[in-house]
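The block underneath contains the structure these notes are about, expressed in C-alpha cells.
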Amino acid sequence: MEIMYRERVPKLWNDTIASHRSQVRDAILDTTAALVFEHGLRAVTMAQIAERAGIGRATLYKYFPDVDAILHAWHGRQIGEHLRQLAAVRDGVGDPAQRLAAVLTSYAHIVRQTRSHDTELVKFLHPDQQIADAQQHLRALIGTLIAEGAATATLRRDIDPAELANYCLHALNGAATLTDDAAITRLIDLTLTGLRDPAVTEPPPSAP
C-alpha cells in the first residue's frame with residue numbers, strides 16, 4: 001500500500017503544478033490584453049504587467065520574453081476559443097442549412113467584436129500565422145456544411161463548396177463595420193441567398 005501511495009504522489013503533484021502554471025499564464029494574458037485596451041499597444045511594459053498581475057518580473061519572464069510574445073499567445077487563445085465556439089454551433093441541432101446559418105451568424109458577431117479592438121492592435125496581430133491557420137480551418141468547417149446541404153438539395157450544387165465557403169467569409173468580413181444585430185441579420189440573409197440552390201424556391205432558414 002505504501003508503494004502504491006508513493007507512486008500516485010508525483011502525478012497529483014504534477015497536476016497541481018500544471019494547473020498553477022496555467023492559471024498564472026491565463027492571468028498574464030488577461031492582464032496584458034486589459035492594459036493594451038486601456039493604454040494602447042506600445043504603452044504597456046513588462047513591469048506594468050507584472051504589477052497588475054500580482055507576480056514578480058522574474059516570474060513573468062519565465063513565461064514570456066516580451067509584450068509581443070504575450071499578445072501573440074493571447075491572440076492564439078482567442079482564436080482557439082472562437083473555433084471551439086463555432087465547432088459547437090456546427091454540431092448543434094438542425095439540418096445542414098440551419099446549422100450553417102447558425103455558424104455564419106456566430107462568426108459575424110465574432111468579426112464585429114474583434115474588429116472593435118484598438119486599430120493598432122488589429123494591425124499588429126493581422127500578419128499572425130495563427131489567423132491564416134484559423135481561416136483555413138473555418139473554410140473547411142463551413143465548406144463541409146455547404147457540401148452536406150448540397151447533398152440534400154438544400155444548398156446550391158453548381159459551385160464547389162470550398163469556393164462558396166470563401167464567399168461566405170469574405171461577405172461576413174463586412175460585419176466589422178456593422179453597429180447592431182439587425183444589420184448582421186440582414187447580412188446573413190443576403191449571404192445565405194447566394195448559397196440557395198437555384199432550383200429551390202424557399203431560401204435556407206436564418207439562425208434565430
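Below is a table of values for the structure above.
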quantity: Residue identified as open to solvent by 20 Å² or more (accessible area, probe 1.4 Å) and farther than 25 Å from THR193 by Cβ among THR114, THR105; calculated: THR114
quantity: Cβ-Cβ under 9 Å pairs, at least 6 apart or on other chains, the stretch 170-188 side within 15 Å of ILE110 (Cβ to Cβ), far side in a loop (DSSP other than H, G, I, E, B) and of a type in the set (D, E, K, R); calculated: ASN173/ARG115; ALA175/ARG115; ALA176/ARG115; THR177/ARG115
quantity: Residues within the stretch 18-69 that are touching a residue at least 60 places away in the same chain (Cβ under 8 Å) and of a type outside the set (Val, Ile, Thr), tallied; calculated: 4
quantity: Count of residues meeting criterion [polar (S, T, N, Q) and either surrounded by 19 or more Cβ atoms within 10 Å (Cβ to Cβ) or within 18 Å of GLN130 (Cβ to Cβ) (or both)] in the stretch 26-80; calculated: 3
quantity: Subset of the stretch 120-170 [modelled with pLDDT of 90 or more, more than 22 Å from the chain's Cα centre (by Cα) and not small (Gly, Ala, Ser)]; calculated: GLU148, LEU155, ARG156, ARG157, ASP158, ILE159, ASP160
quantity: Qualifying position, being touching a Leu at 6+ places or on another chain (Cβ under 9 Å) and either in a helix (DSSP H, G or I) or modelled with pLDDT under 90 (or both), among ALA50, ALA58, ALA69, ALA18; calculated: ALA50
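The values are calculated or read from the model by the stated rules, or taken from the named source; none is laboratory data. It should be emphasised that the depicted structure is a prediction, and the values quoted were computed from it without experimental measurement. All Cβ positions, glycine included, derive from the backbone under ideal geometry; neighbour counts span all protein chains shown. These area figures cover heavy atoms from the full protein model, side chains too; ligands, DNA and RNA do not enter into them. Shrake-Rupley method; radii C 1.70, N 1.55, O 1.52, S 1.80 Å.
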